[in-house]
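First the structure, in the form of C-alpha cells, and then the observations on it.
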Amino acid sequence: MDRTMIGVTALALSAAACTIPAHAADAQQKSAGKLPDGRDVAVITLTAHNGVSARILAYGATLQSLFAPDRNGHPADVLLGYDGLASYVDHPNYFGATIGRYANRIADGTFTLDGHSYHLPQNDHGQSLHGGGHGFDKVLWQVAKVQSGPVASVVLRHVSADGDAGYPGTLTATVTYSLDEHGDLGITFDASSDKPTVVNMTNHAFFNMAGEGSADGALNELLTIPASAYTPVDSHLIPTGEMRGVAGTVFDFRKPHPIATGVRDGHDPQIVIGRGYDHNFALDKGATPVPGLAARLTDPVSGRTLDVLTTEPGVQFYTGNFLDGTLVGKQGHVYRMGDGVALEPQKFPDAPNRSAFLSARVDPGKPYHHAMIFRLSVR
C-alpha cells in the first residue's frame, strides 16, 4: 500500500488506514568520536523493519543519514552530508542539522520585543541567519533518552543561556527523533523560556531521492508544494512583506513538476536574486495542531518518495545555490548547486519584524512546539 496516497494531515489517520503487522524498531547508541576539546559525541542509529534507517549525531542534533529502499528494495542514503564527525565541525554547512534559536533570516540581526531591542550576530551579509553563526547546529546536545520498541527514538536536550547569540531568556530545548515500524521519521522540537523570546526551529536536511552523490543531482526530481502563495525577498533574501500568488510563475508547485524547469529561469527576478530557489512558501493549510503536508519530492527513476509534514505554516525551499564544489561530502562526492534540495518547515523568515506574519514569540508558561515528519515511500 502506498501510504502517501492516504490522508497526510495526521499520523493517527494514516496509521488507522494501513493494516500492517507490528514490528519493533531498534535504537543503538555508539560513539562518533571526540570534539577538539575532548568531549565524546554520541551517534544513535534508528532502524525500522522495512529497510528505513536514520543516523543522528548529538553534535548539532544532526540527521547524518537517512536510508530508504527503492522500488526494487535497494536502499540508498538520500541525505547530503559527511561520513565523519570532524567534517561537520571543520566544514559546517547545516547538513541535516537542527537549526535554532531562529531558523532562516532576521533582517539586520535586530528585532524588538516588548519595547526592548535585541541585536544578533550578523553572519549573512548584514543579516542574522540560522541562529547567527553559532546556533544550535554547532553545539553538543545531551542525549537524554534512547529507546527501542514499536517506535525507536532518541531525545536530545540543550540549554541556551539568557543572552546566547543575543536572544533573551534561558531556553531549554529538546529535539526528539522517532522512527516507527512503517519508516516514518518524526522530528519534534520543544522549547520553554523563562523570559519572552522568539523561537523558530527546524531541520536542515538536503535531500536527493535518487541517492546522495547520484550523477544527475536532485533537480530532475518531481516536487509538490501545496501553497498558493510565497513570500518574495529583497536583495538580502529578506521577505518584503508581500504574499505573492504562485499562479503562472515558476513558484507554482501545486502540481508535481521537475525542479529543473524553473531553477535557472532568469525571466523571474526572484530566481535571479536567490540564485535559484531560496524562498518561503505559505502553505495553504497554515499552522495546524497535527502535521500536514508541506512538500512531496519524488525521484521518477528509483520511485523513492519523501513527504514532508509539519505543524508550521511555511516551508523554505532551497536548491543548494551556494554549494560550489568546494565541499567534499560522503564517499568523496563534491557537492554542487542542485545536488540536494532542502525543504525546511518553519515560521516565516523575519517574522519577529513582520506583524502580518504568524508570531514566533514564546512566553514563560507557553512553550514552543513544532512537529514534523519525513515520510518515506515508493511510487
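The values are calculated or read from the model by the stated rules, or taken from the named source; none is laboratory data. Predicted, not measured: the structure shown is a model, and the values here were computed from it. Glycine gets a Cβ as well: all are built from the backbone with ideal geometry, and neighbour counts include every protein chain shown.
For (1) closer than 30 Å to ALA68 by Cβ; (2) free of Cβ contacts under 8 Å to residues at least 60 places away in the same chain, each residue gets a yes or a no:
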site	(1), (2)
ALA165	no, no
VAL198	no, no
GLY217	yes, no
GLU221	yes, no
PRO232	no, yes
ILE238	no, no
GLY241	no, no
Requested in this report: Go through (1) in contact with a Lys or Arg (Cβ under 7 Å, 6 or more places away or on another chain); (2) of a type outside the set (Phe, Trp, Tyr); (3) part of a loop (DSSP other than H, G, I, E, B) one by one and return the number of the condition GLN64 breaks.
Outcome: (3)
Requested in this report: Considering each residue of the stretch 180-197, count those that are of a type in the set (Val, Ile, Thr) and surrounded by fewer than 24 Cβ atoms within 10 Å (Cβ to Cβ), and give that number.
Outcome: 1
Query - the stretch 269-295 residues that are more than 18 Å from PRO239 (Cα to Cα), paired with ones that are at pLDDT below 95 (beta carbon under 6 Å, 6 or more apart) - result: VAL290/ALA10; GLY292/THR9; LEU293/VAL8
Query raised in the report: If we scan the stretch 174-191, do we find a residue that is closer than 29 Å to GLN127 by Cα, assigned to a loop (DSSP other than H, G, I, E, B) and of a type outside the set (Asp, Glu)?
Result: no
Query raised in the report: In the stretch 67-103, what count of residues is obtained for those that are surrounded by 18 or more Cβ atoms within 10 Å (Cβ to Cβ), hydrophobic (A, V, I, L, M, F, W, C) and not in a loop (DSSP other than H, G, I, E, B)?
Result: 6
Query raised in the report: What are the residue pairs meeting all of these: first residue in the stretch 179-194, first residue in contact (Cβ under 8 Å) with a residue 40 or more places away in the chain and hydroxyl-bearing (Ser, Thr, Tyr), second residue in a strand (DSSP E or B) and surrounded by fewer than 19 Cβ atoms within 10 Å (Cβ to Cβ), Cβ atoms under 6 Å, and 6 or more apart or on different chains?
Result: THR188/THR176; SER192/THR172
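Hey, does the stretch 235-251 have a residue that's among the β-branched types (Val, Ile, Thr) and buried (at least 19 other Cβ atoms within 10 Å of the Cβ)?
For the stretch 235-251, residues among the β-branched types (Val, Ile, Thr) and buried (at least 19 other Cβ atoms within 10 Å of the Cβ): present.
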Query - Total residues in the stretch 188-236, condition among the charged types (D, E, K, R) and within 16 Å of the chain's Cα centre (by Cα) - result: 1
Query raised in the report: How do the strands (runs of 3 or more DSSP E) wholly within the stretch 104-157 filter down when requiring 2 or more residues that are of a type outside the set (Ser, Thr, Tyr) and exposed (fewer than 15 other Cβ atoms within 10 Å of the Cβ): which remain?
Result: 116-119, 142-147
Query raised in the report: Could you give every pair whose Cβ atoms fall below 9 Å, whose first residue belongs to the stretch 80-93 and is in contact (Cβ under 8 Å) with a residue 12 or more places away in the chain and farther than 13 Å from LEU35 by Cβ, and whose second residue is among the acidic types (Asp, Glu) and in a loop (DSSP other than H, G, I, E, B), counting only separations of at least 6 or pairs across chains?
Result: LEU80/GLU212; LEU80/ASP339; GLY81/GLU212
Requested in this report: Please specify each residue of the stretch 160-179 satisfying the condition of being more than 29 Å from TYR335 (Cβ to Cβ) and surrounded by fewer than 24 Cβ atoms within 10 Å (Cβ to Cβ).
Outcome: SER160, ALA161, ASP162, GLY163, ASP164, GLY166, PRO168, THR170, THR172, THR174
Query - Those residues of the stretch 141-170 which are under 24 Å from LYS34 (Cβ atoms) and either polar (S, T, N, Q) or touching a His at 6+ places or on another chain (Cβ under 8 Å) (or both), in sequence order - result: TRP141, GLN142, SER160
